[in-house]
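The values are calculated or read from the model by the stated rules, or taken from the named source; none is laboratory data. It should be emphasised that the depicted structure is a prediction, and the values quoted were computed from it without experimental measurement. Here the Cβ positions follow ideal geometry from the backbone for every residue, glycine too, while neighbour counts run over all protein chains shown. The accessibility values were calculated without ligands, DNA or RNA, using every heavy atom of the protein model including side chains. Shrake-Rupley method; radii C 1.70, N 1.55, O 1.52, S 1.80 Å.
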Amino acid sequence: MSAHIDGSAERRPAGGILSLSMPYQVVAAVALAAVAVLSCLHLAMVFLHVAPSNTVTKQHGQAVDDWIYPEFEQNWKLFAPNPLQQNVSVEVRAEVADASGAKRTTGWIDLTAQDVEDIRGNVFPSHTQQNMLRRAIDWYGNAHDDEGRPKGMRGRLSEAYMRRIVLPRIEGPEARADVGGTVERIQLRRVVRPVAAPHWSTEKRSTEPSTSVMPWWEITDADRSRTETSR
């Protein structure tokens, strides 16, 4: 016995974009094209960022940096021939005046440890927690000479930036370490602690920390007003 099979009954419904009406197909096609173009642009920017200096980066280096920083920064220290083998901490102490006007100097407060504590166990730590203090101290070092003198305006700006980062951590309602008074001066130091060689290695490496101490900086009302404005 034969049966008549209707061809239309066997036709399967279209899937994906084709299942949409024509206006939605156009919108979806445009969206996919935009994603493809954006992906290609991003890959090109990352390539130019990590590539050796060339004609394009010399002419458009600022545009590349604006695209990359801070979210897409590529840090290759992990893969370098000599990967980073040290822990760097930024610490601060302050000269504080209490309600009676008496002054005292606090002990050293580890600001890097505060950031590490915020990051530990956090699945999605912010770039502020991960990078702000680290990048600020790197900028400060690059903007000062071996004697600690600022290299022009960038050096002075890096000092002001460091004060604005540090002050809210030790004074005010959001302070992570209560210093018990009004901060009049602060001093920072950078402590580098080499990581010990693994037990299976024959490398001999000193683990003695090295410290570089910065000068005392006066805290002014301008520093406080700028800090409050930034918050």
Residue-averaged 222 nm ellipticity for the chain, from DSSP H runs of 4+ at -39500 (n - 2.57), nearest 500
-13000 deg cm²/dmol
Binning at 5 Å from 0, report for the chain what percent of all alpha-carbon pair distances ends up in each bin.
1, 5, 9, 11, 13, 12, 11, 9, 7, 5, 4, 4, 3, 2, 2, 1, 1, 1, 1, 0, 0, 0
Could you work out how much longer the chain between residue 221 and residue 35 gets when fully extended? Use 0.36 nm per residue separation minus the Cα distance between them, nm to one decimal.
62.2 nm
Among 25, 85, 126 the positive-end extreme of the charge dipole of the chain (Cβ point charges):
85
Could you sort 111, 38 by accessible area so the largest value comes first, with the probe set to 1.4 Å?
38, 111
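What whole-number volume per residue, in cubic angstrom, does the convex hull of the C-alpha atoms of segment 143-207 give?
Working: hull volume 10.4 nm³, N = 65.
So the per-residue Cα hull volume is 160 Å³.
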To the nearest 20 debye, what charge dipole does the chain have about its Cα centre, counting +1 at the Cβ of each Lys and Arg and -1 at the Cβ of each Asp and Glu?
340
Label-to-label distance, nm, for residues given as residue 118 and residue 20 (7 Å Cα→Cβ offset)
4.0
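All other residues with a Cβ under 11 Å from the Cβ of residue 137 taken together, and with Lys, Arg as +1 and Asp, Glu as -1, what is their net charge?
Numbers: positive: 134, 135, 189, 190; negative: 91, 138.
Local charge sum for residue 137: +2.
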Once you mark the GluC sites (Glu not before Pro) that are in a DSSP loop and have at most 15 other Cβ atoms within 10 Å, what is the longest gap between them in the chain?
74-146
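Starting from segment 156-209, pick out the trypsin sites (Lys or Arg not before Pro) whose DSSP state is loop and whose Cβ has at most 13 other Cβ atoms within 10 Å. Mind dumping the intermediate values first?
Numbers: sites: 156, 163, 164, 169, 176, 185, 189, 190, 204, 205; in loops: 176, 204, 205.
For trypsin sites (Lys or Arg not before Pro) across segment 156-209 that sit outside H, G, I, E and B with at most 13 neighbouring Cβ atoms in 10 Å, the list reads 204, 205.
With an 8 Å cut-off on Cα pairs and a minimum separation of 6 or more residues, tell me the relative contact order of segment 122-227 in percent. Numbers along the way, then the final one.
Numbers: 98 pairs, mean separation 23.2, N = 106.
Once normalised by length, the contact order is 22 percent.
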Relative contact order, percent, the chain [alpha-carbon distance under 8 Å, six or more residues apart]
17
